[in-house]
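The values are calculated or read from the model by the stated rules, or taken from the named source; none is laboratory data. These figures come from a predicted structure and were not determined experimentally. Glycine gets a Cβ as well: all are built from the backbone with ideal geometry, and neighbour counts include every protein chain shown.
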Amino acid sequence: MRSMVLERPGKAPRSGKGPDRRRVLRYEKNAPEPKPEAGEVLVQVRACGVCRTDLHIADGELRRAKLPLVLGHEIVGTVAAVGDGVERFEEGYRIGVPWLGWACGVCEYCESGRENLCDRARFTGYTIDGGYAEYCVADARYCFKIPPEYGDAEAAPLLCAGLIGYRALRLAGEVERVGLYGFGASAHVVAQVARYRGQRVFAFTKSGDTKGQRFARSLGAAWAGDSTMVPPEPLDAAIIFAPVGALVRTALAATRKAGVVVCAGIHMSAIPSLPYHLLWEERIVRSVANLTRIDGEEFLALAPLIPVRTTTTKVPLARANDALNRLRDGRVEGALVLVP
């Protein structure tokens, strides 16, 4: 089995001037094929999205990773084998494997419908080997059926960029004007969901990213500009996808009274101190952590009705280092997807 393996996190030194200049992952040609245990399925990977969380893990910014590790948690594939006790899927089924790979089911968070906060939770491509490989195993209870309207590569970003974005949009509330800070894989999906809900989208990109701003407008954004700019109207809510803590202050300044700022990333740089008047008038700052299976079922049922269209660029599995570098440098429109 071919796989890309992370052995030691950290920003690797440059190894040249080309797109593979940082090689944090090792290409393994003959890795052993995993075997499904009771309750698990063996998945032949057809596509695996490249998420910014993968980059945080590879760069050592998330420190609890299993090592060595196969990254990847936006997995679309077919069931190649089933372990004992699996009744939900059969061989040949096309399924998706998301970030949340397992939860205990008995803690106060799980029992109250908040399995995303389970203290013992395990995560695909972080504490469980993921989809930067030809095969992976997954707990069948945490996998999703993939809507037939989507091809493998087109479906992959829905499994994290879409799911986390959907949860963030829900937590932002039923508002009219939504600001999206960082117009990458998640935002390009969320913009479509927001428009479907009748909300107006204001897109914020890094300075000078006119291509990203055009992309946002093509997806129905009412306005697009640099993240340093003041939007033409005060926002009712803002969702921050870029891992930049300073944007919390920027987003608060752009929201109206009682506005909500949602931090949607798993990692963010330090949030600088801010004057109280930015938070005053009942503004709210909150985070989104992981996802629940209910989030997944709801969003994957909704996506084809909108219909959400993902913009993807396919990258061969062996070029995973190239994909991470492109994401690190901000050279991506929509989402990158690895294909074995």
> Would the stretch 53-67 turn up any residue that is in contact (Cβ under 8 Å) with a residue 40 or more places away in the chain and farther than 20 Å from ILE266 by Cβ?
Replying inline: no
> Residues that are assigned by TED's automatic domain parsing to the domain that holds THR53: which helices (runs of 4 or more DSSP H) entirely in the stretch 220-334 hold 3 or more of them?
Replying inline: 293-302, 320-329
>> Name the single residue that is nearest to CYS263 (Cα to Cα) among those in the stretch 169-205 being of a type in the set (Gly, Ala, Ser) and in a helix (DSSP H, G or I).
In response: ALA172
> Given the conditions (1) at pLDDT below 95; (2) within 27 Å of THR310 (Cα to Cα); (3) of a type outside the set (Phe, Trp, Tyr), and given that ALA47 satisfies all but one, which numbered condition is not satisfied?
Replying inline: (1)
> If you check ALA246, ALA318, ALA253, which single one turns out to be touching a helix residue (DSSP H, G or I) at 6+ places or on another chain (Cβ under 7 Å) and of a type in the set (Gly, Ala, Ser)?
Replying inline: ALA253
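Filter the stretch 198-215 down to residues that are of a type in the set (Gly, Ala, Ser) and in contact with a Ser or Thr (Cβ under 7 Å, 6 or more places away or on another chain) and give me whichever is farthest from GLU281 (Cα to Cα).
Applying the filter and picking the extreme gives GLY212.
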> So which strands (runs of 3 or more DSSP E) are wholly in the stretch 46-120 and hold at least 1 residues that are more than 24 Å from PRO32 (Cβ to Cβ)?
Replying inline: 94-97, 100-102
> Any residue at all in the stretch 117-126 that is crowded, with 19+ Cβ neighbours inside 10 Å, under 20 Å from ASP152 (Cβ atoms), in contact (Cβ under 8 Å) with a residue 40 or more places away in the chain and among the polar types (S, T, N, Q)?
Replying inline: yes
>> Residues to consider are GLY77, GLY96, GLY72, GLY130; find the one that is within 21 Å of ALA155 (Cβ to Cβ), touching a Lys or Arg at 6+ places or on another chain (Cβ under 7 Å) and in contact (Cβ under 8 Å) with a residue 24 or more places away in the chain.
In response: GLY77
